[in-house]
């Protein structure tokens with residue numbers, strides 16, 4: 001097994017779960033297809049492990065035209081908005097929200113907020129440069 005310093009909840013993961021968590025720690029955000037290509041395992045294994053990691057609250061799903069996954073550890077991966085390119089469908093992580101931003105959002109309602117999901121859509125730099 002790899003030796004990297006992460007949250008306590010990473011200690012008892014199965015091998016493929018751990019490999020997925022390690023990749024998401026390194027890369028930030030990946031699709032199921034990208035995970036499958038990198039890990040060289042079948043699609044059913046990827047989805048079974050993703051489902052397990054979501055249930056254990058270790059990763060979170062970022063929905064777009066296709067789903068992407070990232071670590072769900074606010075210490076290592078704080079709440080942050082995402083940018084979805086409408087041309088290539090890639091998802092990019094943007095700068096995390098500050099504590100002040102999060103508090104300000106919670107002032108808009110008396111509801112108890114458990115998570116915040118902000119997605120901005122547009123054209124990424126790579127696709128913009130291909131248009132020129």
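Every number here is computed from the coordinates shown, using simple stated rules; none is lab data. Fair warning: this is a prediction, and the values are worked out from it, not measured in the lab. A quick note on method: Cβ atoms are made from the backbone with ideal geometry, for glycine too, and the neighbour counts reach across all protein chains shown.
If a/c stays under 1.5 just call it rounded; otherwise compare a/b with b/c (prolate if a/b is bigger, oblate if not). Do that for the range 9-74, with a ≥ b ≥ c from the square roots of the Cα gyration tensor eigenvalues. It is rounded, given that a/c, with a ≥ b ≥ c, falls under 1.5. Summed over qualifying helices (DSSP H, 4 residues or more, each -39500 (n - 2.57)) and divided by its residue number, the chain shows a 222 nm mean residue ellipticity of -11000 deg cm²/dmol.
Computed on the range 57-132, with alpha-carbon pairs under 8 angstrom and 6+ residues apart, the relative contact order is 28 percent. Taking the centroid of alpha carbons for each part, the range 31-64 and the range 85-115 are 23 Å apart.
Length available on full extension from residue 27 to residue 14: 0.36 nm per residue minus the Cα-Cα distance, which gives 2.7 nm. Springs join every pair of Cα atoms under 10 Å in this Gaussian network model of the chain, and among 53, 13, 35 the largest mean-square fluctuation is at 13. State the antiparallel share, in %, of DSSP beta bridges confined to the chain, rounding to the nearest 5. Around 70 percent antiparallel, to the nearest 5. If a spin label sat at a point 7 angstrom from the Cα of residue 117 along the line to its beta carbon, the backbone N atoms of the range 27-63 nearer than 13 Å would be those of 60-63.
Ranked by the mean number of other Cβ atoms within 10 Å of their residues, highest first, the peptides 115-125, 83-93 fall in the order 83-93, 115-125.
If you work out Rg and Dmax of the Cα atoms in Å from the coordinates, which of [x] 22.2, 72; [y] 16.2, 50; [z] 15.2, 53 do you get? Step by step, Rg and Dmax of the Cα atoms in Å for this structure corresponds to label [y].
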